[in-house]
Amino acid sequence: MSQQERPGSSATGGVNRRLVLAGLAGGVASAGLTGPSAAAAAPAGRPERDRRVEALLGKMTLAEKIGQLQLVGDETTARAALAAGRLGGVFSVVGAAKLNALQRIAVERTRLGIPLVFGLDVIHGYTTNFPIPLAQGASFDPAVAGTDAAVSAGEARRSGIHWTYAPMMDVTHEPRWGRIAEGYGEDPYLAARFAVAKVRGYQGDDYSAPDRVAACAKHFVAYGGAEGGRDYNTVDVSLQRLHNLYLPPFKASVEAGVATVMASFNTISGVPAHGNGYVLHDVLKGAYGFRGFVVSDYTGIEELILHGLAGDGADAAAAALPAGVDMEMVSTNYARFAERLLAERRITRDQIDDAVRRILLVKFRLGLFERPYVDEATEVKAPSPAALAASRQVAARCMVLLKNDGPVLPLAKTVGSVAVVGPLGAATYDLNGTWAGLGTGAGTTPPVTVVDGIKAAVPGAAVSYTPGCTADGTDTGGFAAAQQAARAADVTVVVVGETAAMSGEAAARSTIDLPGVQQQLVAAIKETGKPFVVVLVNGRPLTIPYLHENAPAILEAWAPGVQGGHAIADVLFGVVNPGGKLPVSFPRAVGQIPVYYNHENTGRPADPASKYTSKYLDLPSGPLYEFGHGLSYTTFRVDGLRLSGTSLPARGGRIEVSATVTNTGGRDGDEVVQLYLRDPVATIVQPVRRLRGFRRVTLAAGASTTVSFTLTPDDVGFYDNTARFRVEPGKIEVYVGTSSAATLSASFMVV
Ligand code: NOJ
């Protein structure tokens, strides 16, 4: 097989790509049924802008075109590449003056003056860190992601950054995978809703605006399927799972107008994403009609050699460009080999033009030709009071009350003394979690610690801090002092979990227990017999059956960002009533992974009373805390489930589902009403439940409201193993409630 054929012919991992394409096309063509947007439905770019792109393209030499395909990650390389006329963009260089200086060379000293695009990983904040994306998913309120994105975009763009490498939208069933922190958890619908909110928050209606940036949907695709949760690892995935589980957030982001997409490091059924013509060319650019550009993830093109898809750099470039990677980050295989590959007819002029056209289009849309420079006076070097207030509010909204016996929480503001114990009780930058942007390190203001947050919340109380142990050490020598502090206080807040470096890229863990001796520290505090609560600071689900059995209350605070200590105190003292829900299941033990709510039933669903069913001998079935779980300081009742009809026409039908939610407790609070569907009989077995609607509502004590959801054929259909979207006749079960264990149910027929 020639290199030219390689990305195309084997990209679906042995599945006949023509058949698959026919399926994709069929999904669209079968009138009225929803499937991937047809290529024909590609959003019409503004013709004037397209004309400018074509006019510029017409003036470019081959070398200038190839230059546009190169992205580099430091100033020195950027200057050298600019001098050689081979540069399209720069990332990870910050500072308005530095960026303007580079831009000046591109605009004023190259033949055509094409501006550079400046990228950066602005993941959950530029200078103002918001909670990590997984935490944001727990808010079950996409507006939270919109707030982060809008604040971040404003700070970044005013500082000269045009393009962020976010949102990350990799659905995963793997809590061992460190990058679970960067996405929205285990559900494709939830992830899609957050991804869209984030894309809109970054880009607004027009990302040429001085406070908006171009977004990048990443990592395309199925990166969250890494075997064993080990980062960068192999992904072997069926077409139905690819389309039903991993692709929906990307499809939704393309429909929301995302400017760019980043390829993922993994293979997809034997073909690395960077050489995978099926996912990039056929699905993303073809079926979804994506018109922006695809950037490699770092040296992802070069890595095709180690993957074993390419023999050398030229081979790698010959695989990646036709597959659909338009811009090469860091490695330089396009720059070095494209001319030769063209002469050898291993790539085509059209392929180069298409890549350049896409990059230029985004540069035009960014308004870089009109305004290549940033006003250095507007550079944002530190969070504003408004941004900090937004971060604090968002952080509290993301917290999940896992358990609250007694109830011990909220703590009384009249408390006389509080002992803060645990290695994360005085943590600063660890509260930012992974990808802390410019808000971490020398010269920045550290996040508010939990102990300082508590001191500010109860200025009249005596507040002590005793670490007890480190986050991952084995020394228990500090336990005695921690116990002493607990004995001396009215209540102890034990803050345990993970440091920032324990999640994120290249931060897989083989166990996801509390690291080090932190669990023993909790046990030592329990031993004192004094009241205590546990606050978790972490970037992934943890296996915490011990805490569940022994701690009176557990507040999941995640990595809450720069205002973390204040936000945690807001929740602990009831200024904010927690309303977050888990966007991911919490396993009981690592050996149970993957454990996720949207699983298939098997022919022998788990039954504790029957041996030959799908379960472990040594563990109860199901997770410790299910997807969608989260408590409040008040209580809610959901009832009155009603459907507007008994049938949903497969072509263009709609059905309304509504239910009443009542705050039955004594405090104002938030509840997330969740709607799940199940298709009990289908040609591809369906998940036991899948989320298709959620709404977070705030209700005064005693108040109630009606929440309605509209279902369309989109909500009941699924992709089959030819990537065809099917809406099949038959019964659909509806479940509405306050977690994925909802029991209130009804049903309708798809006709
Ligand atoms: C590698 C990461 O996988 C990706 O998410 C990030 O955007 C790039 N590096 C650039 O920093």
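Quick notes
- The chain, relative contact order [Cα under 8 Å, separation at least 6], %: 15
- Applying 1/(1 + (r/R0)^6) with R0 = 60 Å to the Cβ-Cβ distance of Ser417 and Arg654 gives a FRET efficiency near 0.55.
- Centroid-to-centroid separation of the stretch 662-703 and the stretch 189-225 [C-alpha atoms, Å]: 25
- Annotation: peptides 297-303, 547-553, 418-424, ranked by per-residue average of other Cβ atoms within 10 Å with the highest first, follow the order 418-424, 297-303, 547-553.
- Between Ala462 and Ala700, the simple label model (points 7 Å from Cα in the Cβ direction) yields a spacing of 4.1 nm.
- Each residue of the stretch 703-711 is assigned a 3J(HN,Hα), and the resulting list reads 7, 9, 8, 9, 10, 10, 10, 9, 9 Hz, derived from the Karplus form 6.51 cos²θ - 1.76 cosθ + 1.60 (θ = phi - 60°), x at Gly and Pro.
- In this structure, Asp375 and Ala442 have a Cβ-Cβ separation that, at R0 = 30 Å, corresponds to a calculated FRET efficiency of about 0.70.
- Shape class for the stretch 81-132, computed from the alpha carbon gyration tensor (a ≥ b ≥ c): prolate, with a/c not under 1.5 and a/b above b/c.
- Compared with the alpha-carbon gap, the fully stretched path from Ser614 to Asp74 is longer by 189.2 nm at 0.36 nm per residue.
- Whether the stretch 50-378 is rounded, prolate or oblate, judged on the alpha carbon gyration tensor where a/c under 1.5 counts as rounded: oblate
- Here the translational diffusion coefficient of the chain follows from Stokes-Einstein with Rh set to the Kirkwood radius across Cα pairs; for 20 °C and 1.002 mPa s it amounts to 80 µm²/s.
- The length gained by stretching the chain between Arg241 and Asp714 to full extension, at 0.36 nm per residue less their Cα-Cα distance, is 168.6 nm.
- Positive-end extreme of charge dipole, the stretch 636-750 - chosen from Gly737, Gly653, Ala700 (charges on Cβ): Gly653
- Look at the dipole of the chain built from charges on Cβ: of Ala462, Asn100, Pro713, the Cα furthest out on the positive end belongs to Pro713.
- Using only the C-alpha atoms, the convex hull of the stretch 172-296 corresponds to 96 Å³ per residue.
- Shape category assigned to the stretch 395-592 from the gyration tensor of Cα positions, a/c cut at 1.5: rounded
- For the stretch 575-609, backbone nitrogen atoms closer than 12 Å to the point 7 Å from Ser510 Cα along Cα-to-C-beta are found at no residue.
- FRET efficiency for Arg46 and Lys731, using Cβ-Cβ distance with R0 set to 41 Å, rounded to 0.05: 0.35
- Stretching the chain fully between Glu549 and Leu62 yields a gain of 168.7 nm (0.36 nm per residue, less the alpha carbon separation).
- Projecting label points 7 angstrom from Cα along Cα→Cβ for Arg340 and Ala83 puts them 2.3 nm apart.
- Restricting the stretch 649-704 to trypsin sites (Lys or Arg not before Pro) in coil, as DSSP defines it, with at most 16 other Cβ within 10 Å: Arg651, Arg654, Arg667
- Peptides 90-96, 338-344 ranked from most to least packed give 90-96, 338-344, packing being the mean of other C-beta atoms within 10 angstrom over each peptide's residues.
- Label sites at Ser745 and Arg111, each approximated as a point 7 angstrom past Cα along Cα to Cβ, lie 6.9 nm apart.
We did not get these values from a lab; they are worked out from the coordinates using the rules stated. Nothing here was measured: the structure is a model prediction, and the numbers come from that model. Note that each Cβ is placed from the backbone with ideal geometry, even for glycine, and that neighbours are counted across all protein chains shown.
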